[in-house]
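These notes are about the structure you will find just below.
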Amino acid sequence: MKDAGIQDGDLLVIDKAQEPKDGCVAVCAIDGEFTLKRLVVEKDGIYLMPANAEFKPIKITEENDFLVWGVVAYVVHKVR
């Protein structure tokens, strides 16, 4: 998520009570693995969008075991 200002080593405050919305950054569980992505809700479905050109978007389908675990509320950057 480097293009969203989230760097390796940053601390994230995750709000599990916050309702996930289009455009939010969320911790998601998909098929048994956790990932941090921006949620994009479109007419044809939900997409998990990376903020790093090295990764591809993920379209959520009925076959996926999918859960939004929590929404990123704050990012704490380490002083380098």
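Scan the stretch 18-39 for residues that are in a loop (DSSP other than H, G, I, E, B) and among the polar types (S, T, N, Q) and jot them down.
If we filter the stretch 18-39 for residues that are in a loop (DSSP other than H, G, I, E, B), which is where we start, we get 18-24, 31-32.
Within the stretch 18-39, just Gln18 meets the criteria.
Can you name every residue in the stretch 39-51 that is buried (at least 16 other Cβ atoms within 10 Å of the Cβ) and either touching a residue at least 40 places away in the same chain (Cβ under 8 Å) or among the polar types (S, T, N, Q) (or both)?
Pro50
Given the residues Ala51, Ala26, Ala73, which is the only one that is at pLDDT 95 or above and in contact with an Asp or Glu (Cβ under 8 Å, 6 or more places away or on another chain)?
Residue meeting the stated conditions: Ala73.
How many residues does the stretch 7-17 contain that are under 13 Å from Val27 (Cα atoms) and either assigned to a loop (DSSP other than H, G, I, E, B) or touching a helix residue (DSSP H, G or I) at 6+ places or on another chain (Cβ under 6 Å) (or both)?
Residues that pass the stated criteria total 2.
Of the conditions (1) free of Cβ contacts under 8 Å to residues at least 40 places away in the same chain; (2) surrounded by 10 or more Cβ atoms within 10 Å (Cβ to Cβ); (3) in contact with a strand residue (DSSP E or B) (Cβ under 8 Å, 6 or more places away or on another chain); (4) of a type outside the set (Gly, Ala, Ser), Thr61 fails just one. Which one is it?
Answer for Thr61: the failing condition is (2).
Inside the stretch 55-80, can you point out the residues that are under 15 Å from Val25 (Cα atoms) and either part of a strand (DSSP E or B) or among the acidic types (Asp, Glu) (or both)?
Kept after step one, since they are under 15 Å from Val25 (Cα atoms), are these residues of the stretch 55-80: 57-58, 67-76.
Result: Ile58, Leu67, Val68, Trp69, Gly70, Val71, Val72, Ala73, Tyr74, Val75, Val76.
Which residue pairs have Cβ atoms closer than 8 Å, lie 6 or more positions apart in sequence or on different chains, and pair a first residue in the stretch 1-19 that is within 15 Å of Phe55 (Cα to Cα) and in contact (Cβ under 8 Å) with a residue 12 or more places away in the chain with a second residue that is loosely packed, with under 12 Cβ neighbours inside 10 Å and of a type in the set (A, V, I, L, M)?
Final answer for the pair search is Asp3/Ala53.
Taking the stretch 7-38, which residues are under 19 Å from Ile58 (Cα atoms), surrounded by 12 or more Cβ atoms within 10 Å (Cβ to Cβ) and among the hydrophobic types (A, V, I, L, M, F, W, C)?
Initial filter on the stretch 7-38 (under 19 Å from Ile58 (Cα atoms)): 20-38.
Narrowing further to those that are surrounded by 12 or more Cβ atoms within 10 Å (Cβ to Cβ): 20, 24-30, 35-38.
Of everything in the stretch 7-38, those that are under 19 Å from Ile58 (Cα atoms), surrounded by 12 or more Cβ atoms within 10 Å (Cβ to Cβ) and among the hydrophobic types (A, V, I, L, M, F, W, C) turn out to be Cys24, Val25, Ala26, Val27, Cys28, Ala29, Ile30, Leu36.
The values are calculated or read from the model by the stated rules, or taken from the named source; none is laboratory data. As the structure is a computational prediction, the values presented were derived from the model and not from experiment. For neighbour counting, all protein chains shown are included, and Cβ atoms are generated from backbone atoms with ideal geometry for every residue, glycine included.
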